[in-house]
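Taking it in order: structure first as structure tokens, then the write-up.
The values are calculated or read from the model by the stated rules, or taken from the named source; none is laboratory data. Keep in mind the model is a prediction, meaning the values are calculated, not measured. Ideal geometry is used to build each Cβ from the backbone, glycine not excepted, and the neighbour counts take in all protein chains shown. We work out accessible area using only protein heavy atoms, side chains counted, and drop any ligands, DNA or RNA first. Shrake-Rupley method; radii C 1.70, N 1.55, O 1.52, S 1.80 Å.
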Amino acid sequence: STRGSLAMGGPSVPPCGMAVAGPTRVSIVALPEAMPSTLMGLYDVLSSAGSMPTLDPPIVPEPFSVEIVAARRGTMELATGIPLDVRRSVDQVPSTDIVLVPSLLAPGGEWSSGRHPEVTDWIARMGEGGALLRTEGKQGGRGAGQFVQRLSFDVGLAARERGAGGFDRLGPIE
């Protein structure tokens with residue numbers, strides 16, 4: 001199977017199993033609680049995957065089309081105060097192959113359910129459409145993982161409110 005591989009030639013097959021005639025579309029979710037290091041690290045690695053200088057020959061076409069999305073376009077301040085220019089809102093992205101959520105750090109160490117309804121509803125819609133939903137960071141426990149787990153709960157609620165069955169949680173990036 002070519003699922004999830006970086007094999008050259010032919011259409012790419014994203015992990016969700018849909019054949020696409022181009023690069024796998026990856027949407028990285030930006031939230032004010034996002035840790036810049038994981039958000040930008042995911043973006044850098046996936047954006048450069050096909051053109052690494054050690055690849056001979058490089059992967060053509062590029063295996064991934066990566067974008068950062070948020071509730072709104074414009075400048076957003078991330079968890080540590082670093083500004084990020086978000087070029088697409090979730091309303092501008094009707095479908096994607098993979099949704100990635102970076103590590104999160106909630107202010108004061110508290111996560112309130114319902115914090116980002118536009119984003120959680122969008123993630124639920126992408127999951128209903130067959131997108132692979134993944135998160136950076138261990139779920140549960142303390143630190144950034146507990147916030148991802150609570151965001152995952154909010155996404156599950158949004159999916160149930162939409163009448164979608166089968167949504168469990170955001171799985172870990174493997």
(Q) Looking for something at pLDDT 90 or above, open to solvent by 50 Å² or more (accessible area, probe 1.4 Å) and more than 30 Å from GLU110 (Cβ to Cβ) - is there at least one such residue anywhere in region 4-16? (A) no
(Q) Conditions first: (1) open to solvent by less than 30 Å² (accessible area, probe 1.4 Å); (2) over 15 Å from ILE68 (Cβ atoms); (3) free of Cβ contacts under 8 Å to residues at least 60 places away in the same chain. ASP97 passes all but one, so which condition is the exception? (A) (3)
**Q.** Search result, residues across region 77-97 that are within 15 Å of THR38 (Cβ to Cβ) and assigned to a strand (DSSP E or B)
**A.** LEU84
Q: Write out, first by first residue and then by second, each pair whose Cβ atoms fall under 8 Å of each other, whose residues are 6+ apart or on separate chains, and whose first residue, in region 106-129, is among the acidic types (Asp, Glu) while the second is assigned to a helix (DSSP H, G or I) and open to solvent by 50 Å² or more (accessible area, probe 1.4 Å).
A: GLU118/ASP91
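Given the options LEU31, LEU46, LEU39, name the one that is at pLDDT 50 or above, assigned to a loop (DSSP other than H, G, I, E, B), under 14 Å from the mean Cα position of the chain (by Cα) and among the aliphatic types (A, V, I, L, M). Can you show your working first?
Details: LEU46 fails: assigned to a loop (DSSP other than H, G, I, E, B); LEU39 fails: assigned to a loop (DSSP other than H, G, I, E, B).
Being at pLDDT 50 or above, assigned to a loop (DSSP other than H, G, I, E, B), under 14 Å from the mean Cα position of the chain (by Cα) and among the aliphatic types (A, V, I, L, M) holds for just one of LEU31, LEU46, LEU39, which is LEU31.
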**Q.** Conditions (1) more than 16 Å from the chain's Cα centre (by Cα); (2) outside any loop (DSSP other than H, G, I, E, B); (3) among the charged types (D, E, K, R); (4) at pLDDT below 95; number of the one not met by GLU62
**A.** (2)
Q.
Could you list, ordered by first residue, the pairs with Cβ atoms under 8 Å in which the first is in region 62-78 and touching a residue at least 12 places away in the same chain (Cβ under 8 Å) and of a type in the set (Asp, Glu) and the second is buried (at least 17 other Cβ atoms within 10 Å of the Cβ) and in a strand (DSSP E or B), at least 6 apart or interchain?
A. GLU67/ARG25; GLU67/VAL26; GLU67/SER27; GLU67/ILE28; GLU77/LEU84
Q: Look at region 98-125 and say how many of its residues are touching a Lys or Arg at 6+ places or on another chain (Cβ under 8 Å), at pLDDT 85 or above and part of a loop (DSSP other than H, G, I, E, B).
A: 0
Q: Using the structure shown, decide if SER89 is small (Gly, Ala, Ser) and in contact with a Lys or Arg (Cβ under 6 Å, 6 or more places away or on another chain).
A: yes
